[in-house]
Amino acid sequence: MSTEPTIPYGRQWIFEDDIEAVVSVLRSDWLTQGPAVERFEQAVADYCGARYGVAFSSGTAALHGATFAAGVAVGDEVIVPPLSFVATANCVVYQGGTPIFVDVREDTLTLDPIRLKRQLTARAKAVICVDFAGHPCELDEILEIAHARGIPVIEDAAHALGALYRGRRVGGIADMTVFSFHPVKHITTGEGGMVLTNDANFCERLRLFRTHGITRRPERLLQENEGAWYYEMQELGYNYRISDFQCILGLSQLSKLDRFVERRREIASLYTRALRDLPGVRLPTERPGSRSSYHLYPIQIVPSVLGKNRKQVFSELRDAGVGVNVHYIPIHLQPYYRRRFATDVGLCPVAEHYYDQAISLPIYPKMEPSVVSQVIEAVRSVSAIPNPAGA
Ligand SMILES: *Cc1c(COP(=O)(O)O)cnc(C)c1O
């Protein structure tokens, strides 16, 4: 075992001016529901080219808000790709819906529009797609298929803040786009998330849902003995608010987003150049017209070529102090989903095959060049084929 500290797979980068911004809010009158929330919402919406932003206490809460706003209710089905963090499907189940798992493409590992078209059920109320690892999914095709059926597309872009799809910024394209500001993501608020939308009705429903379903704009005329204090609970909402000091941190971090994404892309291209000759290792691809923001750099270990499986390579890299990880165990293989929705192996073969071979290499903007080299050397030495044919 190495005595060096393990290199994490991802982590935040907090600057002195981020800290000062948070302190300034702590000294102000507003800890929550103050002016920083709207400023942050507007800034992220402007950056992405969307009309409205609604900030939430986490990316998961934001996803839940999006399924609520889309009208997902008990008995409804929602299309979900299997290759994601569990929250992508859980937000359907929170609303009493059933996730229908539709497999991913082999190249970008994002929802496959061909399978989507074939498997879109009559009871589907929405389509959720995921920009896996930071690579935008096939938004034009997915939107066309969903809109032909009159249902909205919720893009889980927790991996893809700052990514480009056919020259357009992710965030202003789908009916609702969801971001997370967890510390491993592109910018952080500690915990936090946001939904972007161009639709005023979705925006209103998201705001209602974030605060207990309560509004101060009553639907009926007030009675004689009712006044300015009056409020109405119109829907069953939650307390999914985010605080002001988190949002000021988000604003301060947003000013660094372009640099962060640039650095992630530099590290990804260093990995690609240094590892592409390894025969038993498959590297992530970028489709023409798309620009990934590389939340992850997932490689695939081909055991038939390498003579080692993923588990062996994973352990050897961990032993070398490299904090590799695996993203993700397909959601439909989780015990909860198997039990509740009777999903099983074979439902999504592309995602399952990918999972069997997957390892995520560390990638985060604060990574020192020497650490990048250390990861490259570790992967090269672990993936060296001891006796290449003919040698
Ligand atoms: C991080 C993440 C989430 C959840 O975001 P939180 O802010 O941690 O709740 C949802 N979906 C994907 C794909 C994620 O990576």
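Are any of the residues in the stretch 236-249 open to solvent by 30 Å² or more (accessible area, probe 1.4 Å), at pLDDT 95 or above and more than 25 Å from Q42 (Cα to Cα)? There is at least one residue in the stretch 236-249 that is open to solvent by 30 Å² or more (accessible area, probe 1.4 Å), at pLDDT 95 or above and more than 25 Å from Q42 (Cα to Cα). Each residue in the stretch 30-46 was checked for being outside any helix (DSSP H, G or I) and either out of contact with any helix residue (DSSP H, G or I) (no Cβ under 8 Å at 6 or more places or on another chain) or surrounded by fewer than 17 Cβ atoms within 10 Å (Cβ to Cβ) (or both), and 4 of them qualify.
Yes or no, residue by residue, for (1) within 12 Å of the ligand (Cβ to nearest atom); (2) open to solvent by 60 Å² or more (accessible area, probe 1.4 Å); (3) polar (S, T, N, Q); (4) touching a Ser or Thr at 6+ places or on another chain (Cβ under 9 Å):
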residue: D112; (1), (2), (3), (4): no, no, no, no
residue: V170; (1), (2), (3), (4): no, no, no, yes
residue: R217; (1), (2), (3), (4): no, yes, no, no
residue: Q223; (1), (2), (3), (4): no, yes, yes, no
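Residues considered: S293, S383. Of these, the only one that is at pLDDT below 95 and hydroxyl-bearing (S, T, Y) is S383.
Any residue at all in the stretch 83-90 that's within 12 Å of the ligand (Cβ to nearest atom), open to solvent by 10 Å² or more (accessible area, probe 1.4 Å) and of a type in the set (V, I, T)? Yes. Of all residues in the stretch 342-351, none satisfies being modelled with pLDDT of 95 or more, among the charged types (D, E, K, R) and outside any loop (DSSP other than H, G, I, E, B). All told, S373 falls short of being within 27 Å of D258 (Cα to Cα) and part of a strand (DSSP E or B). Evaluation of L196 against the conditions (1) under 14 Å from F40 (Cα atoms); (2) within 14 Å of the ligand (Cβ to nearest atom) shows that the sole unmet condition is (2). Regarding Y297, is this residue in contact with a Phe, Trp or Tyr (Cβ under 6 Å, 6 or more places away or on another chain) and of a type in the set (S, T, Y)? Judged against the criteria, Y297 is a match. Among the conditions (1) closer than 13 Å to G134 by Cβ; (2) more than 9 Å from the ligand (Cβ to nearest atom), the only one that S180 does not satisfy is (2). Exactly one residue out of R259, R265 is farther than 11 Å from S383 by Cα, surrounded by fewer than 18 Cβ atoms within 10 Å (Cβ to Cβ), modelled with pLDDT of 95 or more and under 21 Å from the mean Cα position of the chain (by Cα): that is R259. Of I100, I79, I7, all but one fail to be open to solvent by 30 Å² or more (accessible area, probe 1.4 Å) and among the aliphatic types (A, V, I, L, M); the exception is I100.
The values are calculated or read from the model by the stated rules, or taken from the named source; none is laboratory data. Just so you know, these numbers come straight off a predicted model, no measurement behind them. A quick note on method: Cβ atoms are made from the backbone with ideal geometry, for glycine too, and the neighbour counts reach across all protein chains shown. Quick note on the areas: whole protein, heavy atoms, side chains included, nothing else; ligands and nucleic acids left out. Shrake-Rupley method; radii C 1.70, N 1.55, O 1.52, S 1.80 Å.
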